[in-house]
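The values are calculated or read from the model by the stated rules, or taken from the named source; none is laboratory data. Quantities reported herein were computed from a predicted structural model and do not represent experimental measurements. As a convention, Cβ positions derive from the backbone with ideal geometry for all residues, glycine included, and neighbour counts pool all protein chains shown. Please note that ligands, DNA and RNA were not included when accessible areas were found on the heavy atoms of the full protein model with its side chains. Shrake-Rupley method; radii C 1.70, N 1.55, O 1.52, S 1.80 Å.
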Amino acid sequence: MMIGNRQMDLKNHCHVMGILNVTPDSFSDGGKYNRMDAALLHAEQMVREGADVIDVGGESTRPGYQQVSIQEEIGRVAPVIEKIKERLDVPVSIDTYKAPVAEAALKAGADMVNDIWGFRADPQMAEITARYHAACCLMHNRQEAVYKNFWTDFLDDMKICVELAREAGVEEDRILLDPGVGFGKTYEQNLAVINHLDRMEELGFPILLGTSRKSVIGRTLDLPSDQRVEGTLATTALGIIRGAAFVRVHDVRENCRLIRMMEALLAAD
C-alpha cells in the first residue's frame, strides 16, 4: 500500500498510526497538543518511538462531541500538518469527514484522508482524495446500532464505502478499511468486530484497527481513559493475529514494542 511516497510492507509488518489530536476536547488527551509547539514535539516523539503515520485531527469525535466550524478545523490542522511535513519524513493523515478540511490538509501536505464516515457523509470527499492521489482510510459507521444481520449489514456498508472510492478514481493500492470500533455498534458488537477482524479480509483491502483507549476497553476493565493502555495492547495483539495491517494508537512506544514481540513469535518455526 502507498501512503504518500512510502510503500508499506503489509505482508510482514503491522504498522502504527500515531494519534495527534489538536483539539481542546478529545476524550483522552484533549488540550494536551492543541498548541503548535506541543503538537510538533509530540509528533517528533511518536516518530522516534516508531510511528509509521501521524494522524492529525482537529475535531473530537468522542460521544457527545462539539462540532466545530470548517474554518476553525482548518485553522487547527493545516498549519500543524505543514510544519510536520517540513520537519519530519513521515506520512501524515488528516482525520476528518469534511471535504473542505480534507482539501486544505492535502494542500498543506497530508498524504492520506481518514474519514470516520467512509466517504458517505460528504459526497466531495472521494473526489478530492482521488484528485490529490491521496490514500484513504474508510471507517464503518452508522447513526444507530440497528442491524438486521450484523455481519451481512456491516460488510455491505463497507462495500458501499469502497465503491464510492472506486467510482471517484481513488487508486486501489491506496485504500485502507477500518471496522469502526466504538461507532454505530453495541458493546457486544464492538468486541465481536475486534475478535473476528479477519472476516473483513473478503473485502480485499488492508485493515486498520482503531481501539486505543476506547470505551469498549473502559467498560470491560472499568477504567478511565488514561488507564487503558494494557487493554489497548490486548486488542493490538489480537488484531495482529486476525490480520490487522495498521493500528491507530495514542501510546506508540508500547504498541510498537508489542508488535515487534508478536511478529517475532508468529515468525518462529
Apart from one, (1) over 21 Å from Asp52 (Cβ atoms); (2) free of Cβ contacts under 8 Å to residues at least 60 places away in the same chain all hold for Ser225; the odd one out is (2)
Scanning segment 111-141 residue by residue, the ones that are open to solvent by less than 60 Å² (accessible area, probe 1.4 Å) and within 26 Å of Leu197 (Cβ to Cβ) total 21
Residues of segment 1-22 being touching an Asp or Glu at 6+ places or on another chain (Cβ under 6 Å) and either modelled with pLDDT under 95 or outside any strand (DSSP E or B) (or both), in sequence order, are Met1, Met2, Gly4, Asn21
When you look at Val77, is it β-branched (Val, Ile, Thr), under 23 Å from Arg35 (Cβ atoms) and in contact with a Ser or Thr (Cβ under 8 Å, 6 or more places away or on another chain), yes or no?
yes
Report, by residue number, each residue of segment 253-269 that is free of Cβ contacts under 8 Å to residues at least 24 places away in the same chain and part of a helix (DSSP H, G or I).
Arg257, Arg260, Met261, Ala264, Leu265, Ala267
Among (1) modelled with pLDDT under 95; (2) farther than 20 Å from Ala99 by Cβ; (3) not basic (Lys, Arg) - the single one Pro123 does not satisfy:
(2)
Log entry, pairs with first residue in segment 137-155 being under 22 Å from Ser93 (Cα atoms) and part of a loop (DSSP other than H, G, I, E, B), second being open to solvent by 70 Å² or more (accessible area, probe 1.4 Å) and modelled with pLDDT of 95 or more, beta carbons closer than 9 Å, six or more apart or on different chains, reads Asn141/Arg120
If the Cβ limit is 9 Å and pairs must be 6+ apart or interchain, which residue in segment 202-219 that is part of a helix (DSSP H, G or I) pairs with which residue that is of a type in the set (Ser, Thr, Tyr) and at pLDDT below 95?
Ser215/Ser225; Ile217/Ser225; Gly218/Ser225
Give Leu191, Leu238, Leu233 a once-over and let me know the one that is open to solvent by 20 Å² or more (accessible area, probe 1.4 Å), closer than 23 Å to Val47 by Cβ and part of a helix (DSSP H, G or I).
Leu233
Output the residues belonging to segment 241-252 that are part of a helix (DSSP H, G or I) and surrounded by 20 or more Cβ atoms within 10 Å (Cβ to Cβ).
Val252
Is it the case that Thr186 is of a type outside the set (Gly, Ala, Ser) and over 18 Å from Met17 (Cα atoms)?
yes
Leu223 fails exactly one of the following numbered conditions: (1) part of a loop (DSSP other than H, G, I, E, B); (2) modelled with pLDDT of 95 or more; (3) loosely packed, with under 15 Cβ neighbours inside 10 Å. What is the number of that condition?
(3)
Which of the residues spanning segment 58-91 are modelled with pLDDT under 95, touching an Asp or Glu at 6+ places or on another chain (Cβ under 9 Å) and of a type outside the set (D, E, K, R)?
Gly58, Ser60, Thr61, Tyr65, Gln66, Gln67, Val68
Is there any pair with a first residue in segment 157-176 that is open to solvent by less than 50 Å² (accessible area, probe 1.4 Å) and a second that is assigned to a helix (DSSP H, G or I) and small (Gly, Ala, Ser) whose Cβ atoms are under 8 Å apart and which are 6 or more apart or on different chains, and what are they?
Ala165/Ala126; Ala165/Ala130; Ala168/Ala126; Ala168/Ala130; Gly169/Ala130; Val170/Ala126; Val170/Ala130; Ile175/Ala165
Counting only residues that are surrounded by 17 or more Cβ atoms within 10 Å (Cβ to Cβ), more than 17 Å from the chain's Cα centre (by Cα) and part of a helix (DSSP H, G or I), segment 49-98 contains a total of 8
